[in-house]
Every structure is written in structure tokens, then in C-alpha cells.
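The values are calculated or read from the model by the stated rules, or taken from the named source; none is laboratory data. Computed from a predicted model, the values in this text were never measured in an experiment. As a convention, Cβ positions derive from the backbone with ideal geometry for all residues, glycine included, and neighbour counts pool all protein chains shown. Note: accessible area is taken over every heavy atom of the protein model, side chains too, but ligands, DNA and RNA are not part of it. Shrake-Rupley method; radii C 1.70, N 1.55, O 1.52, S 1.80 Å.
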Amino acid sequence: MQFQQLQYFVAVAETRHFTRAAETVHVAQPSLSQQIRALERELGADLFLRARGNITLTDAGEALLPLARRILADADTARHEVLELVQLRSGRVRLGATPSLCTGLLPDVLRAFHDRYPGVRLLIEEGGSHDLVRELARGALDLALVVLPLPTASPALTTVELLREDLVVVSSPEAPRPGGGRRTVRIADLEGERLVMFRHGYDLRELTVAACRSAGFEPDFAVEGGEMDAVLGFVRAGLGMAVVPRMVAARSGRGLRVTPLARPGLHRTIALAHRSDVAPPRAARELQRMLLER
């Protein structure tokens with residue numbers, strides 16, 4: 001049974017005339033009649049009683065008609081749903097990002113994307129770069145914002161550098177200024193200072209600890225193990241200072257003193273990653289474009 005045969009059958013059933021039905025579906029009348037006969041042979045039953053000037057449905061035709069209409073309607077619905085996806089009226093994007101990027105970079109971009117494509121669902125997963133790379137590799141994410149270099153080489157992923165972001169030192173306005181009150185501080189000035197530190201596996205933790213060790217000292221942790229919001233809250237409470245991305249510090253509002261790092265400073269490189277062997281869905285490609293053009 002072919003989809004086209006059902007279209008021809010419904011057209012004849014509704015017009016009760018083979019020639020008019022052929023005109024309706026834009027096919028030659030002999031071709032339409034041939035397909036109807038092929039359908040009857042496959043079903044093993046006549047669908048129409050054919051008399052000159054009088055085409056009526058048989059019992060088999062009456063039974064098939066509502067089913068055929070339903071099949072055709074479902075096909076129209078399927079075409080409409082696919083069109084919706086193609087035109088970005090619906091669908092979803094599964095995006096992974098580190099918590100600091102969810103706080104700093106993503107809000108403005110996601111708002112612009114949602115305003116343009118309100119029917120597309122945005123599913124956001126927070127995690128460290130290592131976790132996000134694993135989720136990308138197993139197909140659980142369409143895109144991910146990760147920190148370069150990746151924790152492990154992954155030839156199955158394509159990465160595009162998005163931005164290079166400065167890191168800054170944040171502290172409570174009520175606490176003594178870091179570095180003796182200078183306008184900028186060096187990583188070496190953090191020796192002996194109490195730091196609020198992120199949990200293990202957090203990209204910023206690894207970067208900060210490595211910078212301190214390069215400066216010749218082990219960092220002193222007042223509190224450790226938090227996510228971004230918790231770390232900023234502990235700093236506001238005066239428990240210590242922290243090294244965070246400039247965008248996060250700019251969005252964090254009152255209650256934090258921001259001190260830039262002296263040159264050469266400390267930076268991190270953010271990249272947009274996706275699987276190399278599978279093209280992201282249309283909606284994900286559009287979000288990718290907006291992120292790259294931001």
C-alpha cells in the first residue's frame with residue numbers, strides 16, 4: 001500500500017468521479033485508475049462500485065475511508081512539524097556550560113536567542129569542562145562552552161575559540177584591600193591571603209592553584225568546595241577573597257570589591273565545542289552563530 005494510492009482513493013471517494021479526482025490530485029486519469037486497481041489487488045477487495053455516472057463505495061471502501069483520511073492527516077501533521085523545526089519555530093537546544101559562563105556570558109545571548117526563537121526550548125547543563133566533554137561525546141549535548149585547553153584530548157570534538165577572558169580578584173569591601181591597597185595586584189600578592197576556593201574539577205580552581213604554584217607558594221584556603229554563587233556569597237561575607245572571571249564580577253552586583261590583576265595577568269580561553277561526526281541541529285547551529293557573533 002502506497003501513500004499516493006491512499007491520496008487517489010480519498011480523492012475518488014470525495015468526488016465520486018475518477019476524472020474530477022484526477023484533476024484534484026493533478027494526475028492523468030488513467031494513472032489514477034491504475035493505482036486504484038493496484039490498491040484493490042493488494043487489499044483483496046473492490047473499493048468502488050463502478051457504474052456509468054455513479055461511483056459508490058463498497059463496504060471495504062467505507063471501512064478504509066476514515067483510516068485513509070487519518071493517515072493523510074497524520075502525514076500533513078508530520079510535514080508541518082518538520083517545517084516548524086526547519087524554520088526554528090520549535091525544537092530544542094541542549095547547551096552545556098561552566099557555571100561561571102552561565103552567570104557571565106550566557107544570560108544576554110540566551111535572552112536574544114529566546115526573543116528571536118521563542119518556540120525553541122533551551123536546556124542548559126552546568127558542569128566543568130571535563131564533564132561537558134564527556135556529555136558531548138555521548139550525544140547528551142548539542143553544544144558546550146568549555147575552557148581550553150581541554151582536560152583530555154578529544155579528536156571527536158570540534159572547538160572554536162570564542163573569547164579570552166581576564167580574571168580578577170574579588171573581596172569584601174569591608175576587608176583589607178589585597179596587595180596593600182594598590183590598584184592592581186599580582187598573583188604573588190595572594191600569598192598568605194585566605195582564599196575562597198571552588199570545588200575539585202572546577203576549571204577556575206585548577207587555573208588559580210597552578211598560578212599560585214608558578215608564583216612559588218601554595219594557596220591558603222579559608223573555604224573550599226563551592227560553586228560560583230556560593231564562592232561569591234562567602235567572599236561577600238568576608239571569609240576570604242577569590243579569583244573569578246571579569247564578566248562574573250561585573251554581574252555580581254553590590255557587596256564585592258573588584259581588583260584587576262597586574263600584567264601579564266591571568267586569563268582563560270573559552271571555546272564552543274560540538275561533535276565532529278554529527279552536525280548540530282538547526283536550532284543549535286543558530287545559537288552557535290549568535291554566540292560566535294556576540
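Structure data summary
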{"quantity": "Qualifying position, being part of a helix (DSSP H, G or I) and free of Cβ contacts under 8 Å to residues at least 60 places away in the same chain, among 209, 223", "calculated": "209"}
{"quantity": "Elements of type helices (runs of 4 or more DSSP H) contained in segment 55-130, each with 2 or more residues being surrounded by 18 or more Cβ atoms within 10 Å (Cβ to Cβ), touching a Cys at 6+ places or on another chain (Cβ under 9 Å) and touching a residue at least 40 places away in the same chain (Cβ under 8 Å)", "calculated": "none"}
{"quantity": "Residue, nearest to residue 164 (Cα to Cα), within segment 131-145, restricted to residues that are in a helix (DSSP H, G or I) and open to solvent by 20 Å² or more (accessible area, probe 1.4 Å)", "calculated": "131"}
{"quantity": "Segment 23-48: number of residues that are small (Gly, Ala, Ser) and either open to solvent by less than 40 Å² (accessible area, probe 1.4 Å) or in contact with a strand residue (DSSP E or B) (Cβ under 7 Å, 6 or more places away or on another chain) (or both)", "calculated": "3"}
{"quantity": "Which numbered condition residue 164 misses (of (1) closer than 16 Å to residue 97 by Cβ; (2) in a strand (DSSP E or B))", "calculated": "(1)"}
{"quantity": "The lone exception for residue 180 - which of (1) touching a residue at least 60 places away in the same chain (Cβ under 8 Å); (2) more than 19 Å from residue 209 (Cα to Cα) it fails", "calculated": "(1)"}
{"quantity": "Search result, residues across segment 230-255 that are under 19 Å from residue 205 (Cβ atoms), of a type in the set (A, V, I, L, M, F, W, C) and in contact (Cβ under 8 Å) with a residue 40 or more places away in the chain", "calculated": "232, 235, 239, 241, 242, 243, 244, 247, 248, 249"}
{"quantity": "Filter result for the condition that a residue is surrounded by 14 or more Cβ atoms within 10 Å (Cβ to Cβ), among the aliphatic types (A, V, I, L, M) and part of a helix (DSSP H, G or I), over 250, 242, 271, 283", "calculated": "283"}
{"quantity": "Count - residues of segment 32-54 that are part of a helix (DSSP H, G or I) and more than 17 Å from residue 15 (Cα to Cα)", "calculated": "8"}
{"quantity": "Residue that is farthest from the chain's Cα centre (by Cα) [pool: residues in segment 1-22 that are open to solvent by 30 Å² or more (accessible area, probe 1.4 Å) and under 18 Å from residue 75 (Cβ atoms)]", "calculated": "14"}
{"quantity": "Test for residue 225: is it farther than 30 Å from residue 290 by Cβ, open to solvent by less than 60 Å² (accessible area, probe 1.4 Å) and touching a His at 6+ places or on another chain (Cβ under 9 Å)", "calculated": "yes"}
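Conditions (1) in contact with a Ser or Thr (Cβ under 8 Å, 6 or more places away or on another chain); (2) among the polar types (S, T, N, Q); (3) surrounded by 18 or more Cβ atoms within 10 Å (Cβ to Cβ), marked per residue:
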residue	(1), (2), (3)
188	no, no, no
196	no, no, yes
214	no, yes, no
234	no, no, yes
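One line per residue, one yes/no per condition, for (1) in contact with a helix residue (DSSP H, G or I) (Cβ under 9 Å, 6 or more places away or on another chain); (2) at pLDDT below 90:
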residue: 184; (1), (2): no, no
residue: 201; (1), (2): yes, yes
residue: 227; (1), (2): yes, yes
residue: 233; (1), (2): no, no
residue: 244; (1), (2): yes, no
residue: 250; (1), (2): yes, yes
residue: 260; (1), (2): yes, no
residue: 270; (1), (2): yes, no
residue: 284; (1), (2): no, no
